[in-house]
1. If you take the beta carbon distance between residue 236 and residue 61 as r and set R0 to 22 Å, what does 1/(1 + (r/R0)^6) give as a FRET efficiency, to the nearest 0.05?
2. When the chain is fully extended, how far beyond the present Cα-Cα distance does residue 214 get from residue 90, taking 0.36 nm per residue of separation?
3. Provide the FRET efficiency to the nearest 0.05 for the residue 138-residue 80 pair, computing r from the beta carbons and using R0 = 30 Å.
4. Find how much the distance from residue 253 to residue 73 grows on full extension, using 0.36 nm per residue of separation minus their present alpha carbon separation; answer in nm with one decimal.
Ligand SMILES: [Zn+2]
């Protein structure tokens with residue numbers, strides 16, 4: 001598998017505060033105040049003269065950014081890339097625990113000071129992400145408790161999502177799981193079309209590709225989605241929500257509640 005340390009310097013560019021603040025925000029999703037967090041990080045890293053450690057890089061599908069029980073030396077903030085934490089079994093099988101898209105970050109052990117975790121962090125969709133070194137992020141968090149609070153809040157949400165996912169994989173049908181996953185991915189990229197495949201979905205859900213194809217076929221026959229080798233287009237969103245299990249509703253409520261949280265506040269204000 002490719003490793004991020006193999007990235008050529010030419011693929012990187014430094015993140016300026018103005019470039020970060022120019023990004024559009026996604027309300028109601030995951031990491032509340034995502035762009036404010038990135039902007040604040042960028043500003044503080046400039047002040048600390050550590051901006052060279054905050055760079056925009058290309059990530060490639062299949063790239064492992066940190067393997068099971070390895071120490072995280074960087075934190076990743078996806079822009080167009082998508083990452084996942086995966087549980088790897090002794091026989092090589094794996095299951096996706098949580099997806100990390102725009103408005104999330106990979107590398108929670110840096111923020112919780114636990115160093116490592118028993119999961120693999122892998123890129124599931126190629127794209128760009130900001131990358132910050134562990135040392136620079138910790139130096140920044142020391143000066144920016146608001147940013148640290150936001151990041152810890154995201155970690156809490158991620159664990160809640162993983163708990164719900166555990167129930168989902170045990171108790172809900174594959175068609176329900178596929179529907180839920182498609183809706184979640186569509187929300188993450190703000191589009192009706194999701195770049196994924198039956199193989200990628202089966203890997204994420206820990207089921208066979210054949211069973212995912214069967215679920216996609218049933219949804220296709222009903223006119224709810226169309227799909228090809230490269231992606232799935234949601235044609236009837238309301239119908240897909242109806243086919244999904246309750247988990248999609250739970251995830252939406254989870255992140256909506258984080259946006260409404262009284263602890264959510266702008267940098268510099270009391271919290
Ligand atoms: Zn479910």
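FYI, it's all coordinate maths here, none of it is from the lab. Predicted, not measured: the structure shown is a model, and the values here were computed from it. FYI the Cβ positions are ideal-geometry reconstructions off the backbone, even for glycines, and counts take in every protein chain you see.
1. Values: r = 28 Å, r/R0 = 1.29.
Approximately 0.20, to the nearest 0.05.
2. Numbers: separation 124, 0.36 × 124 = 44.64 nm, distance 2.81 nm.
Length gained, residue 214 through residue 90: 41.8 nm.
3. So, using R0 = 30 Å, E works out to roughly 0.70.
4. Details: separation 180, 0.36 × 180 = 64.80 nm, distance 3.25 nm.
The span from residue 253 to residue 73 would gain 61.6 nm if fully extended.
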